[in-house]
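Reviewing the structure listed below.
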Amino acid sequence: MKKLLLTGFEPFLSFTVNPTMRIVEELNGLEISGYRVYGRVLTVDFASSGAELIAHMEDINPDAVISLGLAGGRYKITPERIAINVKDGAADNQGRVPVDESIDLEGQPGYFSTLPIRPMVNKLIEEGYPAEISNTAGTYLCNNVMYEALHFAQTHTPNMRAGFIHIPASHELAIQHGKIPSWSHEDLKRSVEICIGVLGEN
Ligand code: PCA
């Protein structure tokens, strides 16, 4: 059976709950659409999250990698189109604030997702879940992890598909945060399962 590395993140900044964490924990070990899911949670740390992800890729040797991140404030499920070679933005969980840094000094400027992002969006909408392709994953940890996965795939395992999906807050997080739109945990998880299903068919 094919293997899917599905990553989420720990809480960060003002987001005391990260819905991606519970989703990857609950989907870990399941078989979805011909893929065995290997769920792993990454730290929100510019110095280590990329290395953690690559260690999981080397350890599991997956056929595909889907990384999930919270986009607090977004209303839709948003598969990301591109990762850029930039680290910049808010403090990570170690208090580090990179300014205009490269992720990889020798790496190319950007990598397009190799996931079937258009079919994912189409299928989500067909199933009744608001979704659209996002053209920026930002320059924080989510972009960082997406870039690292695609860079590793391109340089080491060209057949490995990889990419990133940002999801909205869960109701649990929205109640604690107070100022962001939210979806139920069940709908968020079902949306991720739908995306994995589309991967299995494309
Ligand atoms: N979202 C952040 C990092 C961790 C997460 O879940 C981001 O969008 O970069």
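Quick one: which residues, 5+ away or cross-chain, put their amide H under 5 Å from the amide H of Ile32? H built at 1.01 Å from N.
Val37
Provide Phe12, Phe112 in ascending order of the number of other Cβ atoms located within 10 Å of each residue's Cβ, fewest first.
Phe112, Phe12
Under a 10 Å cutoff between Cα atoms, tell me which one of Glu172, Glu148, Glu80 has the largest fluctuation in the Gaussian network model of the chain.
Looking only at Glu172, Glu148, Glu80, the biggest GNM fluctuation is shown by Glu172.
Tell me, Leu27, Leu68 in order of fewest to most beta-carbon neighbours within 10 Å?
The order, fewest Cβ neighbours first, is Leu27, Leu68.
Mind checking Rg over Rh on the range 22-116, alpha carbons, Kirkwood formula for Rh?
Result: Rg/Rh = 0.96.
Taking amide H atoms as placed 1.01 Å from N in the peptide plane, list the residues 5 or more away in sequence, or in a different chain, whose amide H sits under 5 Å from that of Lys2.
Placed amide hydrogens put Arg36 under 5 Å from Lys2.
With equal scatterers on the alpha carbons only and no solvent term, can you work out the Debye log10 of I(q)/I(0) for the chain at 0.09, 0.15, 0.17 1/Å?
Per q value, in the given order, log10 I(q)/I(0) is -0.29, -0.86, -1.13.
If each residue's Cβ is checked for other Cβ atoms within 10 Å, how do Ile165, Ile103 rank with the fewest at the top?
Ordered from fewest to most neighbouring Cβ atoms within 10 Å, Ile165, Ile103 come out as Ile103, Ile165.
Quote the relative contact order of the chain in percent (integer), defining contacts as alpha-carbon pairs under 8 Å separated by 6+ residues.
28 percent
None of the figures in this text is laboratory data; all of them are computed from the coordinates on show. Keep in mind that what you see is a predicted model, and the values were worked out from it rather than measured. When we count neighbours, we look across all protein chains shown, and the Cβ atoms used for this are built from the backbone with ideal geometry, even at glycine.
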